[in-house]
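Notes for the one structure printed next.
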Amino acid sequence: MNRPEDDKEFMEVVGHLISHPRFQKLDGIVQHYHSTRLEHSVNVSYTSYKIAKKLGWDAESTARGGLLHDFFYYDWRVTKFNKSHAWVHPRIAVRNARKLVNLNKKEEDIILKHMWGATIAPPKYKESYIVTMVDKYWAVKEAVTPLRNRIKNSKFFPSQDSTK
């Protein structure tokens, strides 16, 4: 996959949000053990954008909603609320996103419903389903990549190079 920062069209849509100082604060927050919240958000945004674009759907709203879906600053492993993190953090993310940009209804739905499965309200838009599924993909990938690399490099799985 291409790097998001090398995709001119993608960066025209969300580059100003990524570079915003409030959004850059996410770079110091661990997300899925081995990634930052900023890395995770960009990964979800770019993958979702590419899928929506390929399908001819609203790639811009998908990119923006995907980027802002986890726009909160607390550590969800430490900070607890009366309601579940799966319900609370999308509402905080929408509130924080509105401080940076005017959101359309689709972007709001993407952010608010991206935890569907852990919450009961289903997404309203097809683009929201993209971000919901891509978010799960990246969460798992980010969490297990170091483990996968350790296993791949272990003595139990010899090099795939048969010339050795």
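Across segment 66-77, the number of residues qualifying as farther than 16 Å from Gly15 by Cβ and either assigned to a helix (DSSP H, G or I) or touching a strand residue (DSSP E or B) at 6+ places or on another chain (Cβ under 6 Å) (or both) comes to 0.
Just for segment 113-142: of the residues that are of a type in the set (A, V, I, L, M, F, W, C) and over 13 Å from the mean Cα position of the chain (by Cα), which one is modelled with the lowest pLDDT?
Result: Ala118.
Go through the residues of segment 52-60 one by one and say whether even a single one is touching a helix residue (DSSP H, G or I) at 6+ places or on another chain (Cβ under 9 Å) and not in a helix (DSSP H, G or I). Looking through segment 52-60, at least one residue is touching a helix residue (DSSP H, G or I) at 6+ places or on another chain (Cβ under 9 Å) and not in a helix (DSSP H, G or I). Candidates in segment 1-44 are the residues that are over 16 Å from Phe72 (Cα atoms) and among the aromatic types (Phe, Trp, Tyr); of these, the one that is modelled with the lowest pLDDT is Tyr33.
The values are calculated or read from the model by the stated rules, or taken from the named source; none is laboratory data. Since this is a predicted model, take the numbers as computed values, not measurements. All Cβ positions, even for glycine, are placed from backbone atoms using ideal geometry, and neighbour counts span all protein chains on display.
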